[in-house]
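The values are calculated or read from the model by the stated rules, or taken from the named source; none is laboratory data. What you see is a predicted model; the values in this text were computed from it and never measured. Here the Cβ positions follow ideal geometry from the backbone for every residue, glycine too, while neighbour counts run over all protein chains shown. Just so you know, the surface numbers come from the protein's heavy atoms only, side chains and all, with ligands and any DNA or RNA stripped out. Shrake-Rupley method; radii C 1.70, N 1.55, O 1.52, S 1.80 Å.
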Number of protein chains: 2
Amino acid sequence: MGYFDAASSAPLHPVARQALQASLDEGWADPARLYREGRRARMLLDAAREAAAEAVGCRTDELVFTSSGTKAVHTGIAGALAGRRRVGRHLIVSAVEHSCVLHAADTHEADGGTVTQVAVDRAGAVTVEAYGRALRDDTALACLQSANHEVGTEQPVAEVAGVCREAGVPLLVDAAQSLGWGRVAGDWSLLTASAHKWGGPSGVGLLVVRKGVRFAAQGPADERESGRAAGFENIPAIVAAAASLRAVRAEAAQEAVRLRELTERIRARVPGLVPDVEVVGDPVRRLPGVVTFSCLYVDGETLLHELDRAGFSVSSGSSCTSSTLTPSHVLKAMGVLSEGNVRVSLPFGTAAEDVERFLEVLPEAVAGVREKLGAPVGEAVVREEDVLVVDSLGKRCPIPVIELAKVIGEVPVGGLVRVLSDDEAARLDIPAWCEMRGQEYVGEEPAEQGTAYLVRRIG
Amino acid sequence: MGYFDAASSAPLHPVARQALQASLDEGWADPARLYREGRRARMLLDAAREAAAEAVGCRTDELVFTSSGTKAVHTGIAGALAGRRRVGRHLIVSAVEHSCVLHAADTHEADGGTVTQVAVDRAGAVTVEAYGRALRDDTALACLQSANHEVGTEQPVAEVAGVCREAGVPLLVDAAQSLGWGRVAGDWSLLTASAHKWGGPSGVGLLVVRKGVRFAAQGPADERESGRAAGFENIPAIVAAAASLRAVRAEAAQEAVRLRELTERIRARVPGLVPDVEVVGDPVRRLPGVVTFSCLYVDGETLLHELDRAGFSVSSGSSCTSSTLTPSHVLKAMGVLSEGNVRVSLPFGTAAEDVERFLEVLPEAVAGVREKLGAPVGEAVVREEDVLVVDSLGKRCPIPVIELAKVIGEVPVGGLVRVLSDDEAARLDIPAWCEMRGQEYVGEEPAEQGTAYLVRRIG
């Protein structure tokens, strides 16, 4: 089997399954009750909290269980912002945070707050300096992921935490992608995570708020989870989450070496196996199990279907996948190609043969999609004075780039191609194509319909 | 075994366990993904939604799964209020709603909204007329439980829904206690429920919003569950919740008759077995498995411990239980005795022998607690002119009532007893004792310390 989408959700770890089944009999009662079933549930909850706090490296009274990682992020951001409302209403996030962080930032902005998005480099990483520059007197909170969920790039969390600490600003770290691998280094103030990313069950998130951090939980609360997560505790799932976190941690050091070697194979060999590929994300400072690449002239959704038929489950940040029509905000912020994007994220225990088999089927899958898409451009091309105009209006990624690539040879060196497109992905993919192909991206301008992208032939 | 606290949380139904275990292998992936594991998860989620919608009696696109019943209530109330913000910011709730409803109402009030609490009669029921009177031009939403969680009294939901519908006001029904027994009748607009109350797993709530009801989900959202419940779906638990709802419904008609007969035994026999008991809640319009009574001169927490030692797990709305120092808001709103309060809520499948055994151990447990508490009053009693003053300052429920009962015989018929108390429960329990004992409750007045409660001896 080739389930290579652990960054979305990992299969349930055997330890999680055992713990869940065992605690279904013991953990269903209300832990606030005084009778035996309630006391048993309370003991399970307390033990799970101790195990999770040990794994995070925090005090037990700093950690609460939420109903998901998303809920932990939403609660953490809202509570930290409210706790420091007197200081100001400025929030800092990186441009490549998980969408749940960006949604919370949108809500804050809609509510009158201000948000600074810190840009990333082409590898997807922020710099400490950029976070330092973003800090203001009215900054209530800064957020930074420990590692990126789409390209695997690790962020300089400890250094950013240091800069924030100096400025007296709490840093919330979204550790969803990395907590299974190890503790988050540095002097952070809040931390969030999600159990189903490390092989725990769905329905459990962690929110850690360090002692001394001002925090005012928002919305209706009750007496559960220190008033930070209302609603009946899901104890069997919490027990399974804590047990599996401990289990994956015990294997983490060894498994990280193994998976890093496997993703390194993909990083190294894909460019040789598939023409016109860009491997994205930091080659060194990255999660062990994640590797992402984009294939020119390929429709991401069709490629996913081809790979699925060949037995491999991967995800894509291309614009033409799932229900979304815009390319992934992560790839956009990095300024890399989004078309034909594939993220491979290996779950714990992935067999080397499965990776080898993936490398076998990938070239054919990509070639097949390219063949299907190799439509003639013909009638859509018009020569206006010294400019070649390609009308790609109404055509979706990757067609505009394919049409550009087909005609670039028809203009003389120094000549211009003008691509008309109303597909949002073109804004990202045409400049990325120019960079990959050594052509000059001149810029964009509004057209009668859609946008015109100007490219000068260099070579 | 005598777990008699199903209204808090029911043990996992065997069907829920089977469904959970079966779907752990199939339901862990992201249902938004296009590959096989994602499609399988999506199919499970869709099937569970169909089953749940069928049980509720709504369209599948009206029902979303939340992370708990509490979360469903919070989301439902906030969304419905926001959706009708132009109409006004008035919210109606009954005085005996679950605390999660009252917490949402508090939040609304703190945010500048207005709230009307509709009073209940001594049986715990609201009247349609009272809801009708509470409706205003600026009423955005009304909330009413289908049945009370502490005393089992059923509310006239269909009739209240009718009055609300006429006024153009949506009614949100908290069906947490009744959904396992059957659909909620009437033309309600929103409905909430909680799976662990019917034997489903923790971590699953239902929120139903009828088509045409104005609804604006608050806070950060994502694309999951129609934008009404952010965060990764907990599909194995959702599957188990839906499967167990179907299963308990199949047994509901038969089991309702059986449990009603068992609770009827308790209702009928407890007053004969235990002196000075008040059985509370509607004797006819009530949930099949719930019966609640209060024992004079008994400390609720100590009684719970005694019953726990005898093998029975029940809960209590007394002031002296768990972490709370005020009596249950439900008993308070009903104006009934709160001391020595016991709620028996029988889970599906409760054996008749267990109920018989409970009726055997109860009298001894109550007598034991009363014996321990039979403290002399002596030095705390002072005769001032024609009034006997009992100083119960610093003494907690049920001591003030015990001291009152001990001295009432020492004043002549027509004479007054003045009980000084700083225990919040006295405000409820002294009038309730007067009613039970046929003495006249004259009223309360502020004292130098605490409050003075005046009682006139009638007989």
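Descriptive notes on the structure:
- DSSP beta bridges confined to the protein assembly as shown are antiparallel in about 60 percent of cases.
- The accessible-area ordering, largest first, of the residues A:267, B:40 stands as B:40, A:267, per a 1.4 angstrom probe.
- What the Kirkwood sum gives for the protein assembly as shown is a hydrodynamic radius of 30.4 Å, with every pair of different alpha carbons counted.
- When shorter helices are ignored and each DSSP H run of at least 4 residues is given -39500 (n - 2.57), the per-residue value for chain B at 222 nm works out to -12500 deg cm²/dmol.
- Heavy atoms of residue A:436 accessible to a 1.4 Å probe, total area in Å² rounded to 10: 50
- Accessible area buried, both sides summed, chains A and B with 1.4 Å probe, Å²: 4400
- Exercise: per-residue mean of other protein chain Cβ atoms within 10 Å, B:31-41: 6
- Where labels lie 7 Å past Cα in the beta-carbon direction, separation of residue A:284 and residue A:114 in nm: 3.7
- Cα gyration tensor shape for region B:165-270, rounded if a/c is under 1.5, else prolate or oblate: oblate
- Scattering curve values for region B:174-219, log₁₀ I(q)/I(0), Debye with Cα scatterers, q = 0.13, 0.14, 0.19, 0.21 Å⁻¹: -0.34, -0.39, -0.66, -0.77
- Fraction of accessible area attributable to carbon and sulfur, region A:252-373 (%, probe 1.4 Å): 54
- Between identical copies, the spacing of residue A:227 label points, each set 7 Å from Cα toward the C-beta atom, reads 3.3 nm from nearest to farthest.
- Helix B:14-24 axis versus longest C-alpha principal axis of chain B: approximately 40°, rounded to the nearest ten.
- Local net charge near residue A:122, Cβ-Cβ under 13 Å (Lys/Arg +1, Asp/Glu -1): -3
- About the centre of its Cα atoms, the protein assembly as shown shows a dipole size close to 500 debye [charges on the beta carbon of Lys, Arg (+1) and Asp, Glu (-1) only; nearest 20 debye].
- Spatially near lysine pairs across the protein assembly as shown, Cα under 29 Å, sequence gap of 8 or more or different chains: 28
- Accessible-area composition of region B:378-456, carbon plus sulfur, in percent [1.4 Å probe]: 47
- Coarse-grained scattering of region B:252-373 at q = 0.21 Å⁻¹, given as base-10 log I(q)/I(0) from a Debye sum over alpha-carbon atoms: -1.25
- Structural size metrics of chain B, computed from C-alpha coordinates, are Rg and Dmax of 24.2, 87 Å.
- For region B:203-245, a drop of 50 Å² or more in accessible area on going from the chain alone to the assembled protein chains (1.4 Å probe) is found at B:220, B:232, B:234.
- Average accessible surface area per residue within region B:252-373, 1.4 Å rolling probe, Å²: 36
- DSSP-defined beta bridges in region A:378-456 - what % are antiparallel, rounded to 5: 75
- Ascending distances from the residue B:412 label point to its copies in the other chains, with the point 7 Å along the Cα-to-beta-carbon line: 12.9 nm.
- Classification of region A:98-167 by its C-alpha gyration tensor yields an oblate form. The axis ratio a/c (a ≥ b ≥ c) is 1.5 or more, and b/c is at least a/b.
- Centre-to-centre separation between the Cα atoms of region A:207-239 and those of region B:154-229: 24 Å.
- Closest approach to the axis - chain A beta-carbon, rotation onto B, Å: A:67, 2
- Area accessible to solvent at residue A:238, 1.4 Å probe radius, in Å²: 10
- Residue A:188 sits with roughly 0 Å² accessible to a 1.4 Å probe, with DNA, RNA and ligands left out of the calculation.
- Axis of helix B:157-167 versus longest Cα principal axis of chain B: the two differ by about 70°, to the nearest ten degrees.
- What a 1.4 Å probe finds exposed on region A:8-248 is 48% carbon and sulfur by accessible area, rounded to a whole percent.
- Alpha-carbon centroid distance for the pair region A:250-300 / region A:1-66, whole angstrom: 32
- With R₀ fixed at 41 Å, the C-beta to C-beta distance from residue B:361 to residue A:26 puts the FRET efficiency at about 0.95.
- Taken per residue, the accessible surface of region B:7-248 reaches 33 Å², heavy atoms only and a 1.4 Å probe.
- Summing charges over neighbours of residue A:349, with a neighbour being any other residue whose Cβ is under 11 Å away from its Cβ, gives -2 when K and R count +1 and D and E count -1.
- Crossing angle, helix A:99-110 versus chain A [Cα axis fit, 0-90 degrees, rounded to tens]: 90
- Rh by Kirkwood over Cα pairs, then Stokes-Einstein D for region A:1-134 at 1.002 mPa s and 20 °C, µm²/s: 116
- In the protein assembly as shown, a dipole from Cβ-located charges (positive for Lys and Arg, negative for Asp and Glu) runs towards its positive end, and of B:110, A:13, A:180 it is A:13 whose Cα lies farthest in that direction.
- Each Lys and Arg contributes +1 and each Asp and Glu -1, all at the Cβ; summed about the Cα centre of region A:8-248, the dipole is approximately 440 debye.
- Surrounding net charge for residue A:338, when Lys and Arg each add one and Asp and Glu each subtract one, Cβ distance under 9 Å: -1
- Longest exposed-site-free window of chain B, the sites being GluC sites (Glu not before Pro) in a DSSP loop that have at most 13 other C-beta atoms within 10 Å: B:1-222
- Copies compared at residue A:385 - label distances in nm, ascending, label defined 7 Å from Cα in the Cβ direction: 10.9
- This model, with +1 at the C-beta of Lys and Arg and -1 at the C-beta of Asp and Glu, gives region A:151-216 a dipole about its Cα centre of some 280 debye.
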